[in-house]
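The values are calculated or read from the model by the stated rules, or taken from the named source; none is laboratory data. Keep in mind it's a predicted model, so treat the numbers as computed, not measured. Every residue, glycine as well, gets a Cβ built from its backbone with ideal geometry; the counts of neighbours run over all protein chains shown. When the accessible area is computed, the model is the full protein with side chains, heavy atoms only, and any ligands, DNA or RNA have been set aside. Shrake-Rupley method; radii C 1.70, N 1.55, O 1.52, S 1.80 Å.
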Amino acid sequence: MKKLLLTVWLVGLAVLAQAQLYDPSAFDKKYDGLLKHPGVQIESAEAINLMYNYKFYEADKEFRWLRLRYPKHPMPYFLMGLAEWWKIVPNTDITDYDGPCLTYMDSTITMAEKMYEDSDNKLEPSFFLAAAYAFKGRLFSERKKWAKATIAGKNALKYFEKCKGNADFSPELLFGDGMYNYYAQWIPENYPILKPILMFFPKGNKANGIKELEKTANTAFYTRVEARYFLVQIYSMENQYDKAYDMSKYMYEQYPDNPFFERYFARSAFVTGRLAEAERASRDILAKVDRTQAGYEGVSGRTAAYILAYINHLFYKNLPEAKVNYQKSIDYAKQTNSTTSGYYLSSVLGLAKIATEARDFDLAQTYFQEVIDKAERKSSQYKEAKKALDDAKKLRREERRRRKG
C-alpha cells in the first residue's frame, strides 16, 4: 500500500512539474504572437529539425498539429510551404513541388493579411507577409518568370520595410535586412540585364548584409537555418572558402541527411584541401544517391563523383577508379541536363587527360573537342582543352613519325 501511495505521489509530482515547466495556455495569454512564443518554439523545434534533415513525412505531422492548434495563424502554413521549398533545393530544375509551395505561401499571405488588419501587433504579420512574398519571388526567379518575381519582390520589400529596425522585437526580423542588403548589390553586379528593374529599389550593401545574416544565424530561431543556408553560398561567392567550410561542416553535422549541406561540405572541404573529409562525404553522398534517399539525386551525384575522380586521378594515381568516377559525374550531369556545367566539362577534360597519358590520342581528341564545342570561349575549360588539343595533335604527329622511322 505504501509503495502504491508513493508511486501515485511521484506521478502527481511529475505531472505538476511538467505543467509548471510548460503550460501552453499560460504562454498563449502572455504572448500576443507566435514569433516570440517560447511554447511554440518548444513545440515546433523537433518538426523544424526533422524538416531540415529531410524527414518530411514526420515533420508534416507536427506542422499539421500546429495548424490545428493555431488555425488562423500564418506560421503553420509558412512552415509547410518552407518544407515544400526544401524539397526543391537539391535540384531547382525539378518543378514537382512548385504548386504546393506556392499554395502554402498564398495561404500564409491570406492569413497574415487578416492578422495585419485585426491585430495591433503589425510586426508579426509583416514578417510572414515579407517572408511568403520573398519565397514566391525566389521560386519565380528560379523559373525565370521575371515579371512575377518582380511583383512578389516589391510586395516582400514593402513588408520588409515595416519590419526594418525592429530586431529588438524579434531577431527573425533581421533576416530580411540581411538578405536585401546583400542581394540588392549582388544581383546587378552579376545580372546586368536586371539593372533596369532594380533601379526602383533601394541600394544594398553586401558587407552589411553579411553581418546581418551572421547575426540572424546566431540569434534567430525560425530563420537561423535559412540564414546559414545563404551564408554557405555567399561565403563561397565571396571566396571566403574557410568560412564556407566551417559553416557547411557544422550544418552537415547538425543535419547529416540534408543533401544541400552535405554537398556543400564535400565541395568546401575539397576546395580547401581537406581531401580525406571531401572523399568521405563524397562516398556517403553517392551511397545515398544509389539507394534513392530523399533529396539525393543527380546534382549531388555529379559533385561527389567528380571529387572522387579528381582525388583518384591526381593524388592516388588510381586511373581506373578515376575513369569510373569521371564517367559517373558525366552521367549524372546528363541526367540533370547540365552538360555545360563545370563538373561535366571538367570530367570530360579528366577523361581526355587520362586518354592522353595512355597515348590514345584519337579518344583524347574526341574528349577535348567535346569540351571546346560546349564550353564558353572565356572559360578555363575551353582554354585548357584548346591548348591540350593542340598539344595532343603535336604528340600524335610525333608518334606517327616515330612509327615511320
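Look through ASN166, ASN181 and report the one residue that is part of a helix (DSSP H, G or I) and among the polar types (S, T, N, Q).
Among ASN166, ASN181, only ASN181 is part of a helix (DSSP H, G or I) and among the polar types (S, T, N, Q).
Quickly run through the range 222-240 and pick out the residues that are aromatic (Phe, Trp, Tyr) and within 27 Å of ILE42 (Cα to Cα).
Listed by number, the residues that qualify are TYR222, TYR229, PHE230.
From (1) in contact with a Lys or Arg (Cβ under 7 Å, 6 or more places away or on another chain); (2) outside any helix (DSSP H, G or I), pick out the condition that doesn't hold for PRO202.
Exception for PRO202: condition (1).
What pairs come up if the first residue lies in the range 92-110 and is farther than 21 Å from PRO71 by Cα and without any contact (Cβ under 8 Å) to a residue 12 or more places away in the chain, the second is part of a loop (DSSP other than H, G, I, E, B) and of a type outside the set (A, V, I, L, M, F, W, C), and their beta carbons are under 8 Å apart, counting only those six or more places apart or on different chains?
Every condition considered, no pair remains.
Just for the range 284-313: of the residues that are among the polar types (S, T, N, Q) and open to solvent by less than 50 Å² (accessible area, probe 1.4 Å), which one is nearest to THR340 (Cα to Cα)?
Checking each candidate, the answer is THR303.
Output the number of residues of the range 233-257 satisfying the condition of being open to solvent by 80 Å² or more (accessible area, probe 1.4 Å) and touching a helix residue (DSSP H, G or I) at 6+ places or on another chain (Cβ under 7 Å).
Here the count works out to 2.
Counting just the residues of the range 326-348 that are touching a Phe, Trp or Tyr at 6+ places or on another chain (Cβ under 7 Å) and not small (Gly, Ala, Ser), which one comes out most open to solvent (accessible area, probe 1.4 Å)?
The extreme case among them is TYR343.
In the range 274-283, which residues are open to solvent by 50 Å² or more (accessible area, probe 1.4 Å) and not in a loop (DSSP other than H, G, I, E, B)?
If the condition is that a residue be open to solvent by 50 Å² or more (accessible area, probe 1.4 Å) and not in a loop (DSSP other than H, G, I, E, B), then ALA276, ARG280, ARG283 are the ones that fit.
Against the definition (open to solvent by 10 Å² or more (accessible area, probe 1.4 Å) and closer than 29 Å to THR95 by Cα), how does VAL271 come out, yes or no?
no
Just the residues that are of a type in the set (Phe, Trp, Tyr) and assigned to a helix (DSSP H, G or I), please, taken from the range 219-259.
The answer is TYR229, PHE230, TYR235, TYR241, TYR245, TYR250, TYR252.
Does the range 35-73 hold any residues that are surrounded by fewer than 21 Cβ atoms within 10 Å (Cβ to Cβ), hydrophobic (A, V, I, L, M, F, W, C) and modelled with pLDDT under 90, and which are they?
Of everything in the range 35-73, just one residue is surrounded by fewer than 21 Cβ atoms within 10 Å (Cβ to Cβ), hydrophobic (A, V, I, L, M, F, W, C) and modelled with pLDDT under 90, namely ILE42.
Collect the residues in the range 305-337 that are outside any helix (DSSP H, G or I) and touching a residue at least 40 places away in the same chain (Cβ under 8 Å), keeping them in residue-number order.
The answer is PHE315, THR336, ASN337.
So which residues in the range 110-129 are part of a helix (DSSP H, G or I) and surrounded by fewer than 23 Cβ atoms within 10 Å (Cβ to Cβ)?
THR110, GLU113, LYS114, MET115, TYR116, GLU117, ASP118, LEU123
If the Cβ limit is 8 Å and pairs must be 6+ apart or interchain, which residue in the range 273-289 that is of a type in the set (Asp, Glu) pairs with which residue that is open to solvent by 20 Å² or more (accessible area, probe 1.4 Å)?
So the pair list comes out as GLU277/LYS249.
Search the range 374-393 for residues that are within 17 Å of TYR344 (Cβ to Cβ) and pair each with any residue that is surrounded by fewer than 17 Cβ atoms within 10 Å (Cβ to Cβ) and among the acidic types (Asp, Glu) when their beta-carbon atoms are under 9 Å apart and the residues are at least 6 apart or on different chains.
Listed pairs, sorted by first residue: TYR382/GLU376.
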